[in-house]
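Please read the structure below before turning to the comments.
The values are calculated or read from the model by the stated rules, or taken from the named source; none is laboratory data. Fair warning: this is a prediction, and the values are worked out from it, not measured in the lab. As a convention, Cβ positions derive from the backbone with ideal geometry for all residues, glycine included, and neighbour counts pool all protein chains shown. With ligands, DNA and RNA removed, areas are computed over all heavy atoms of the protein, side chains included. Shrake-Rupley method; radii C 1.70, N 1.55, O 1.52, S 1.80 Å.
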Amino acid sequence: MAFKDLSQGIKISVSRSITTSFERYMSNIQWDEEQFDIQRFVSEWQEYIQNHSSWYSQVSDEMKADPEFHQELAAKINEIIEKIFSEKPTDEQMEEIESLQKQTGKEMDYSCKMEAKYVIEQLKNA
């Protein structure tokens, strides 16, 4: 059994766990791409899925031990990270950031929708 054979619900849950973990990881390193370490991220994601994801217990131990399954998960992680970085900030986010930067006098760079969300949170708490 391979990743592609999992139910649609489990595949969606896997994707959501990657996205949630990635957002949390990037927030923890303050979106400093120079600090990004894929091994550290994967380690944090594994901790997250073992303790917080319902899908993990629904996948057999045999499948979890299969190297092909791990290769497919790695490809899925790369695909999701690529998608996150390519998703442009919304016009609303850019307007809110511009307004918050004027209010706070603080300039922050951002390049994607998820990073813009982080920047908004930081500026609101500044």
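Need a quick list: helices (runs of 4 or more DSSP H) entirely within region 18-126 having at least 2 residues that are open to solvent by 60 Å² or more (accessible area, probe 1.4 Å) and either under 30 Å from SER7 (Cα atoms) or modelled with pLDDT under 95 (or both).
38-52, 54-58, 61-65, 67-86
Please work out if ALA74 is closer than 18 Å to LYS11 by Cβ and small (Gly, Ala, Ser). I'd like the intermediate steps shown before the answer.
Numbers: closer than 18 Å to LYS11 by Cβ: yes; small (Gly, Ala, Ser): yes.
Spelling it out, ALA74 is indeed closer than 18 Å to LYS11 by Cβ and small (Gly, Ala, Ser).
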Residue pairs meeting the criteria (Cβ under 7 Å; at least 6 apart or on separate chains; first closer than 11 Å to THR19 by Cβ, in region 73-92; second charged (D, E, K, R)): GLU87/LYS113
Filtered residues of region 13-67 (kept if farther than 19 Å from ASN78 by Cα and of a type in the set (Val, Ile, Thr)): VAL59
